[in-house]
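To start, the structure itself, in structure tokens.
Rule-based calculations on the coordinates, nothing more; no lab input. What you see is a predicted model; the values in this text were computed from it and never measured. Cβ atoms come from the backbone with ideal geometry, glycine included; neighbour counts cover every protein chain shown.
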Amino acid sequence: MNYRHIYHAGNFADVIKHLVFRMILSHVQQKDKGAFVLDAFAGVGRYDLSADQALRTGEYFQGIARVMSEAVTNVDLQDFKDFVAEDFAKGFYAGSPVLAAKMLRLQDRLIANELHPEDFGLLRRNLRGFQNAAVTHIDAYDAIRGSLPPQERRGVVLIDPPFEKKDEFQSLVREMAEWKKRWATGCYILWYPIKVGLPVDDLYEAAAALQMNRAWVCEYLLRDRELLDGLNGCGLLIFNAPFQIPERVDALSAELTGLMGGTIRSFYLGSSTNA
């Protein structure tokens, strides 16, 4: 309950997470039928980059600030820049619930869930005025179980825990089986940190054993994954990854890492075929 994302808003991990999230949601919205979006660990939705907490770490200077400082050629990367430009010009960074809310069509629906009491209040304020955007204040895994399957047949579930709990990876492994039972065709985006000692390989093994369709991993490493202190990188584990999304992410990887540093690798679980 102590985690506050303002310290990390707009860093490299946010950029890759929100970039891929936007690409996937845009893909889901290609059809006229309504789409469902659940942001299970929503945070406050919009972050002031001039706040003391953001300036104390300065992480956004190496993330979104670098992306916004240079011209790009990749269409998906330019689309993301255009989307966040208005907030960034005002000194803010939009988190995933506001990003999703701005993309909602009349037939779409968003549930943004946040357990932290203060962040919940800020989230409600930041989503006020967005049609079809509801805010809930319960445990994230309860929010997922209670919302699935949705009435809409298409949609995206974003799961990005703060990983304050030592058993968070084990919780995810338990919960994934339940997600498949409730909504096997849903697109799930699971974000996780890469640090020494975290059981990332166990997560991959459990995800592969589920045999859900198109289980795809995208890792962004800023440093060697075996360095002992700090965050070395992050990953996105995506079930039912939409067609062409892995290829499009690969196409922008060189330009994105040229701006923020590091390396990106992607692969399908249970297959030797690289995305």
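Quick one: net charge of Q131's neighbours, Cβ under 14 Å, K/R +1, D/E -1? My count for the surroundings of Q131 gives +3. Under the combined filter of DSSP loop state and at most 13 neighbouring Cβ atoms within 10 Å, the range 169-275 retains these GluC sites (Glu not before Pro): E226.
Straightening the chain between D82 and R225 buys 48.3 nm, computed as 0.36 nm per residue apart minus the Cα-Cα spacing. For the range 208-225, the residues whose backbone nitrogen is under 19 Å from a point 7 Å from the Cα of V196, taken along Cα to Cβ, are 221-225.
In a DSSP loop and with at most 10 other Cβ atoms within 10 Å, there are no trypsin sites (Lys or Arg not before Pro) in the range 213-275. Shown for V72, V135: other C-beta atoms within 10 Å of each C-beta, ranked fewest to most, produce the order V72, V135. Arranged from fewest to most other beta-carbon atoms within 10 Å of their beta carbon, D14, D87 become D87, D14.
Mean separation of Cα pairs under 8 Å and 6 or more residues apart, divided by the residue count, gives the chain a relative contact order of 21 percent. In terms of its Cα atoms, the chain spans 44, 43, 37 Å along the principal axes, sorted from long to short.
Each residue, A208 and F243, gets one label point 7 Å from its Cα in the Cβ direction; the gap between the two is 2.6 nm. If you filter the range 21-128 for GluC sites (Glu not before Pro), then keep DSSP loop positions with at most 13 other Cβ within 10 Å, what is left? Sites meeting the loop and neighbour criteria: E70. The calculated 222 nm mean residue ellipticity attributable to helices in the chain amounts to -12500 deg cm²/dmol, summing -39500 (n - 2.57) over DSSP H runs of n ≥ 4 and dividing by all residues.
Helices assigned as whole DSSP H runs in the chain whose Cα atoms extend at least 18 Å along their own long axis and whose mean Kyte-Doolittle hydropathy is -1.0 or higher are found at 12-28, 75-89, 245-260. Roughly what % of Cα-Cα distances in the range 124-275 sit above 27 Å, to the whole percent? Within the range 124-275, distances greater than 27 Å cover 29 percent of Cα pairs. Which pairs, out of K33/K180; K102/K195; K90/K195; K17/K102; K81/K195; K102/K166, put more than 24 Å between their alpha-carbon atoms? K102/K195; K90/K195; K81/K195; K102/K166, as the Cα separations exceed 24 Å there. What the Cβ-Cβ distance of V75 and D48 gives, at R0 = 22 Å and to the nearest 0.05, is a FRET efficiency of 0.15. Per-residue Cβ neighbour counts within 10 Å put Y268, Y141 in the sequence Y268, Y141, beginning with the fewest.
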